[in-house]
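Accompanying notes for the structure given below.
The values are calculated or read from the model by the stated rules, or taken from the named source; none is laboratory data. This is a predicted model, so every value here is computed, not measured. Positions of Cβ are generated from backbone atoms using ideal geometry, with glycine treated the same way; all protein chains shown enter the neighbour counts.
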Ligand SMILES: [Zn+2]
C-alpha cells in the first residue's frame, strides 16, 4: 500500500522557526511509522516562494527574489538535516517544473469551464495573502480595519481578475465530507469547515495584477497566478514522476475518489486545504486527499511567540543543545498535536528526564545490570522458556500491558493521535517500573538459596519483562527517536553498533519493522547481553531547577 504525507509548504519570507519544525517532525514520525507498517511512503516538504510578501522581503534585504528564496531555502534544508528529517521529496514553487505543472493544471481547469474573468472588490490582508470579510476584522486605535491574525490594516482591493468557480463545488464538497467523516481532523476543525460551507462558498479570484514575482496566467502575462492556487499544486508537482504512483489514478472512475494522502497543516490555513484545494481537485477530475489534519500553535512560557516580544525559540539552537531525538520527542510527547501547546525549557528537561532517562533508560540499565550480576553464569534455557510463556500467554498484568500497548500505539497513530499513541508506551514503562519496585528482584536474588527455583524465576521474569517492554518501546519509538532506539537495540544484542541509521527507511523496514514486535528475546540474545558491557542509553540532564 502507498502512503503520501506532506508538510505545509513553508513561506520563505523569513528563516525557519520552531513553528515550521513542529509539523515537519510530526510528518517525519508518521512517515517512518508507515514504513514500519509495510507501506511504500512518499514524504514531501518544501517551500512556497511566490507572492507579494516575498517580493517585499527580498527588496528589504536588497536582493533579487530568487536569491532571497535560495538563501532561505538552504536554511530550511540545513535545519531538516540537523533534525534528521528524512523527506523523500522537496518542492520549490520557484522551480521550472512546478511552473509548468501549474500552467498545465490551470489550462485543464479552464477547459472544464471553471475559470472566468470578472471584477473583484474586497479587503485583503497581505500577510495572510487572503481576502477578508468586514465582519471578521478588528479595528485598531486609528479606526483602521485590521486582520485579526496579523494586526495590520487590510488593503482595499479592486481588480479585474480570473476567478475560480468554487461555488459549483459546494454540494460535492459537503457530500465528500459526509462520506469521509475523518477527512478533516481533528473533529473540532471539521466543525469549522462545516460552518463555512453553511455560510455558502463564493467564487474567488486566482490571479493578481501589479505583481512581478509569480507565475504568469497562460496567455495573459499582466496577471500572475494567486499564490495559494500556485502553492497548493506543489503537493503534486513535487512528486514529479511519482504523482501517478501516489495520487492519480488515470482511470476516470477514480475522480472524486479518495487518494491515500495526508496533509498536515497549521490550523490557520485550514480553509485553503479543506475547501479550495478539494474543489480544485474535483474540477481537475482528481481524487481527494484522505486526510487534512490541522495542528495547534506553540507558545513559550505561556506566551505567544513573536519577534517583537523577543521570545522566539530558535530550532537550530535548541537542537544543537539537546540533540535531535530530544527535540523531536518533546514536541510530540508533551501536548496533543491538534491543540495549542506550550514550550518551556524546564518542561522540556523534566519531560526528557522523566520519560527517557528514568522510565525508559534507567529501567533498561537496572534490568540488564541485575541480570548480569545474578545470571551471567546460569543456564538460561529454562528460565527464558518460562518467562517467554508468561509473556506470550499474558499470564500477569504487566505481561498483558506489554502485549497490548503496541496495538494501542498503532491504532492511535493511524488517527494521528500522536500524544495518545506515545502515552500508551510510557504507560507500559511506568507499569514496569512500579512492578520492579514491588517485586524488588535485587532483594529476592540476594536472599534466595540456589535451589529456591520459584523465587529465582520470579525475579528473572520481572527483569525479562522489563527488557521486553524496553525492546518493544524502542521499536514503537524508532520513527521518532531513531538514535535512542538504535542504542536500545544494540544493548539488547539485536543490532550491530556499526549499523548506519542515516538510511533510516531500510532500518524501519527491517530491524525496526512492526513484524518484529512478537519475536521475544532469545537465549542467544540474552547470553550476548550478559557477556557485554552497557552504559545508560539516555543520560539524565542535570539542571538545578529540574525535578
Ligand atoms: Zn492576516
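Checked against the criterion of being in contact with a helix residue (DSSP H, G or I) (Cβ under 9 Å, 6 or more places away or on another chain), under 15 Å from residue 239 (Cα atoms) and part of a helix (DSSP H, G or I), the candidates 99, 108 yield just one match: 99. Within region 417-440, one or more residues are out of contact with any strand residue (DSSP E or B) (no Cβ under 9 Å at 6 or more places or on another chain) and at positive phi. The requirement of being free of Cβ contacts under 8 Å to residues at least 40 places away in the same chain and either under 15 Å from residue 22 (Cβ atoms) or in contact with a helix residue (DSSP H, G or I) (Cβ under 8 Å, 6 or more places away or on another chain) (or both) is fulfilled nowhere in region 267-284; no residue meets it. Based on this model, can you work out whether residue 210 counts as closer than 24 Å to residue 52 by Cα, in contact with a helix residue (DSSP H, G or I) (Cβ under 8 Å, 6 or more places away or on another chain) and more than 16 Å from the ligand (Cβ to nearest atom)? Considered against the rule, which asks whether it is closer than 24 Å to residue 52 by Cα, in contact with a helix residue (DSSP H, G or I) (Cβ under 8 Å, 6 or more places away or on another chain) and more than 16 Å from the ligand (Cβ to nearest atom), residue 210 comes out as no. Here residue 136 meets each of (1) on the phi > 0 side of the Ramachandran plot; (2) within 15 Å of the ligand (Cβ to nearest atom) with one exception, condition (1). All conditions in (1) in contact with a strand residue (DSSP E or B) (Cβ under 8 Å, 6 or more places away or on another chain); (2) at pLDDT 95 or above; (3) surrounded by 17 or more Cβ atoms within 10 Å (Cβ to Cβ) hold for residue 116, with the sole exception of (3).
Of note, residue 131 satisfies the criterion of being outside any loop (DSSP other than H, G, I, E, B) and within 16 Å of the ligand (Cβ to nearest atom).
Report whether or not residue 479 is assigned to a loop (DSSP other than H, G, I, E, B), modelled with pLDDT of 95 or more and out of contact with any strand residue (DSSP E or B) (no Cβ under 8 Å at 6 or more places or on another chain).
So residue 479 passes the test.
Might you let me know whether region 120-132 holds any residue that is touching a helix residue (DSSP H, G or I) at 6+ places or on another chain (Cβ under 8 Å), more than 30 Å from residue 43 (Cα to Cα) and either surrounded by 17 or more Cβ atoms within 10 Å (Cβ to Cβ) or not assigned by TED's automatic domain parsing to the domain that holds residue 204 (or both)? Checked against the condition, which is being touching a helix residue (DSSP H, G or I) at 6+ places or on another chain (Cβ under 8 Å), more than 30 Å from residue 43 (Cα to Cα) and either surrounded by 17 or more Cβ atoms within 10 Å (Cβ to Cβ) or not assigned by TED's automatic domain parsing to the domain that holds residue 204 (or both), region 120-132 yields at least one hit. Residue 339 meets the conditions (1) out of contact with any helix residue (DSSP H, G or I) (no Cβ under 6 Å at 6 or more places or on another chain); (2) part of a loop (DSSP other than H, G, I, E, B); (3) surrounded by 19 or more Cβ atoms within 10 Å (Cβ to Cβ) in every case but one. The failed one is (3).
Filter region 147-162 for residues that are away from the ligand (no atom under 13 Å from the Cβ) and loosely packed, with under 12 Cβ neighbours inside 10 Å; which is nearest to the chain's Cα centre (by Cα)? Can you show your working first?
First, pick out the residues of region 147-162 that are away from the ligand (no atom under 13 Å from the Cβ): 156-162.
When the remaining residues are screened for being loosely packed, with under 12 Cβ neighbours inside 10 Å, the result is 156, 158.
Numbers: 156: 38, 158: 39 Å.
Here the residue is 156.
For every residue, the table says whether it meets (1) assigned to a strand (DSSP E or B); (2) within 18 Å of the chain's Cα centre (by Cα).
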position	(1), (2)
265	yes, yes
270	no, yes
276	no, no
290	yes, yes
294	yes, yes
306	no, no
311	no, no
320	no, no
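Among the candidates 244, 202, 190, which residue alone is touching a strand residue (DSSP E or B) at 6+ places or on another chain (Cβ under 8 Å), farther than 24 Å from residue 57 by Cα and away from the ligand (no atom under 16 Å from the Cβ)?
Numbers: 244 fails: touching a strand residue (DSSP E or B) at 6+ places or on another chain (Cβ under 8 Å); 202 fails: touching a strand residue (DSSP E or B) at 6+ places or on another chain (Cβ under 8 Å).
Result of the check over 244, 202, 190: 190.
Scanning region 513-535 for residues that are farther than 17 Å from residue 410 by Cβ and in a loop (DSSP other than H, G, I, E, B) yields a total of 7. Is one or more of the residues making up region 106-114 touching a residue at least 40 places away in the same chain (Cβ under 8 Å), within 15 Å of residue 226 (Cα to Cα) and within 11 Å of the ligand (Cβ to nearest atom)? No, region 106-114 contains no residue that is touching a residue at least 40 places away in the same chain (Cβ under 8 Å), within 15 Å of residue 226 (Cα to Cα) and within 11 Å of the ligand (Cβ to nearest atom). Please tell me if residue 144 is more than 18 Å from residue 220 (Cβ to Cβ) and either outside the structural domain of residue 248 (by TED's automatic domain parsing) or within 16 Å of the ligand (Cβ to nearest atom) (or both). Yes; evaluated as a whole, the condition is true for this residue.
Residues are listed down the side, and each one gets a yes or a no for (1) out of contact with any helix residue (DSSP H, G or I) (no Cβ under 9 Å at 6 or more places or on another chain); (2) in contact (Cβ under 8 Å) with a residue 12 or more places away in the chain; (3) farther than 30 Å from residue 328 by Cα; (4) not in a helix (DSSP H, G or I):
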site: 365; (1), (2), (3), (4): no, yes, no, no
site: 374; (1), (2), (3), (4): no, yes, yes, no
site: 384; (1), (2), (3), (4): no, yes, yes, no
site: 406; (1), (2), (3), (4): no, yes, no, no
site: 411; (1), (2), (3), (4): no, no, no, no
site: 426; (1), (2), (3), (4): no, yes, no, no
site: 431; (1), (2), (3), (4): no, yes, no, no
site: 446; (1), (2), (3), (4): no, no, yes, no
site: 454; (1), (2), (3), (4): yes, no, yes, no
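Under 21 Å from residue 152 (Cβ atoms) and in contact with a strand residue (DSSP E or B) (Cβ under 8 Å, 6 or more places away or on another chain), is that true of residue 19? Spell out the reasoning first.
Details: under 21 Å from residue 152 (Cβ atoms): yes; in contact with a strand residue (DSSP E or B) (Cβ under 8 Å, 6 or more places away or on another chain): yes.
Answer is yes for this residue.
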